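So the structure is just underneath, and the comments pick up after that.
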Amino acid sequence: MDFTIPPPVQQLARRVQQFVEEVVLPVEKRVLAGAELTKNDVFALRAQARAAGLFAPTMPVHLGGLGLSIPEWVPVLEAAGRSLIGPLALHCAAPDEGNMHTLHLYASPEQVEQYLRPLVAGEVFSGFSMTEPPPGAGSDPTMIQTTAVREGDTWVLNGHKWYTTNGTVADFLLIFARTRQDVSPYKGCSIFLAPVTTPGIHIVRDVPTIGRHDFGGHVEIRYEEVRLPHSALLGEEGAGFGITQARLGPARLTHCMRWTGIAQRALEIAAGYAATREAFGKKLMEHQSVGFMLADSEMELHAGRLLMHQAAWLLHQGDQARAEAAMTKVFVSEAVNRIIDRAIQICGGTGISRDLPLSTWYESARAFRIYDGASEVHRMVAARQVIKKYAAPPPH
Ligand SMILES: Cc1cc2nc3c(=O)[nH]c(=O)nc-3n(C[C@H](O)[C@H](O)[C@H](O)COP(=O)(O)OP(=O)(O)OC[C@H]3O[C@@H](n4cnc5c(N)ncnc54)[C@H](O)[C@@H]3O)c2cc1C
């Protein structure tokens, strides 16, 4: 495995970091002070990212993106992720980034024109509507309760979802529903594309969550007698789980890439504070326990990047990298939480205050250990691989 980042990609990552510092951080400062991030703010940032040649890094060139390969996303998305607003500006934020990837793989020519092109252009927003409130599909997606029943050339959807990210701004949704009850859910689920204005789609509420309100929110939706044409199916009927798997592998890694940018910035803030603040006659960083905290964060960032590079490399080879993506998600999501926590500890009262972004990141990062699969579920996937590899007794 050769994880050398080609010089043009290194240069692109540096330009992205500079863009975030010069263009995005002033907006971040206003948002951290309490201003709402509006659609118009996002469109204005996107216009500047487009003009700077930094727009849609994960999408192919023929669709208007930068055409980077998955391994090349690693440093570029980390640079974009140095602000929570950076990926929105560059158009590589969840869930649009994962939805673009999914549509690129599975959309029909008509769906490309209707949904994918405007989405890649950054003119519209999308949501991925899979998770249901208890007792429906959550960690175990086979518990899906949303149904789609075929009536001639029409599908009629009924169900109850929540945590559809982007739901307050989305123009269209990818909706995961059970289309057949006579086969296992793995073969009996499908994904539908629908404009959010389709009759029967009711946005119930934007679910209030820990920390700063995320752009687009996380909404609860009721689907009541939603009638969609057969052409609304994404891919084949029954292919829902396969499509979701193809979506989630890279999508989990992109979460890791973006959050690594925040964790790196948290470490830089903590190191800067420890290098200048004095206590008990010396700089904080000269106290061994502070130095050890900084070292632990540096080690975890380094290990996380290597995990990402290896999983991205496997995906690039056509491997699904299920266990590797799962292990990377567990490690990076938990490391990011620890790194931000340590940064707050090192910065003391300044870290807890809203004068620094650390306290906001601390709140926002918590969900990373839950969305796109809780740590326990990914450990279960990794454990299955361990059992497969080592359960047979070694030959004597
Ligand atoms: C901020 C945020 C954004 C989200 N965005 C989206 C989105 O855009 N679209 C979408 O469809 N969903 C989205 N989700 C939903 C997310 O994917 C689910 O919350 C997640 O899959 C867990 O499902 P659940 O909340 O129903 O938890 P549950 O299934 O109720 O699980 C609760 C807990 O049980 C434990 N657990 C579960 N299974 C096991 C196991 N096998 N072994 C041990 N412990 C286990 C875990 O600790 C888990 O956290 C989002 C969630 C959040 C918080």
*the chain, accessible area per residue, ligands and nucleic acids excluded (1.4 Å, Å²)*: 45
*At a 1.4 Å probe, what is the % contribution of carbon and sulfur to the accessible area of the chain?*
56
*So what are the ³J(HN,Hα) numbers for region 267-274, from phi and the Karplus equation (6.51, -1.76, 1.60; θ = phi - 60°), rounded to whole Hz, Gly and Pro as x?*
5, 4, 5, 5, 5, x, 5, 5
_Need the full-extension length gain, Asp319 to Phe43, defined as separation in residues times 0.36 nm minus the C-alpha distance. One decimal, nm._
95.8 nm
*Using the Karplus curve 6.51 cos²θ - 1.76 cosθ + 1.60 with θ = phi - 60°, work out ³J(HN,Hα) for each residue of region 354-364 in order, rounded to whole Hz, and write x for Gly and Pro.*
8, 5, 10, x, 4, 5, 5, 4, 4, 5, 5
*Just for the Cα atoms in region 248-396, what are the lengths along the principal axes, largest first, rounded to whole Å?*
60, 37, 25
*Ratio Rg/Rh [Cα only; Rh per Kirkwood] for region 183-256*: 1.03
*Sorted by mean Cβ packing within 10 Å, highest first, what order do the peptides 349-360, 240-251 take?*
240-251, 349-360
*asked:* With angles folded into 0 to 90 degrees, how steeply does helix 322-352 sit against the dominant principal axis of the chain? Use alpha carbons for both and round to 10.
replied: 40
*asked:* Give the separation of the Cα centroids, region 153-214 to region 63-124, in Å.
replied: 20
*asked:* Testing the spin-label approximation: label points 7 Å from Cα along Cα→Cβ at Leu25 and Asp206. State their distance in nm.
replied: 2.8
*asked:* Using the Kirkwood radius over C-alpha pairs as Rh, can you work out the diffusion coefficient of the chain via Stokes-Einstein at 10 °C, viscosity 1.306 mPa s, in µm² per second?
replied: 72
*Could you give the Stokes-Einstein D for region 126-238 in µm² per second, using the C-alpha Kirkwood radius, 10 °C, 1.306 mPa s?*
113
*Would you mind computing, in nm to one decimal, how far apart the modelled labels at Val61 and Arg150 are, each placed 7 Å from Cα along Cα→Cβ?*
4.1
*Take the chain, connect every pair of alpha-carbon atoms lying under 10 Å apart with a spring to form a Gaussian network, then pick out the residue of Ala270, Ala56, Ala79 with the largest mean-square fluctuation.*
Ala270
*Specify the residue with the greatest mean-square fluctuation among Cys347, Cys92, Cys256, computed from a Gaussian network of the chain linking alpha-carbon atoms under 10 Å apart.*
Cys347
_Derived scalar couplings ³J(HN,Hα) [region 303-309; Karplus, 6.51 cos²θ - 1.76 cosθ + 1.60; whole Hz; x for Gly, Pro]_ = 5, x, 4, 5, 4, 4, 4
*Mind checking the alpha-carbon convex hull of region 18-141 and giving the volume per residue in Å³?*
138
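The values are calculated or read from the model by the stated rules, or taken from the named source; none is laboratory data. Keep in mind that what you see is a predicted model, and the values were worked out from it rather than measured. No Cβ is skipped: glycine too gets one built from the backbone with ideal geometry, and neighbour counts run over all protein chains shown. When the accessible area is computed, the model is the full protein with side chains, heavy atoms only, and any ligands, DNA or RNA have been set aside. Shrake-Rupley method; radii C 1.70, N 1.55, O 1.52, S 1.80 Å.
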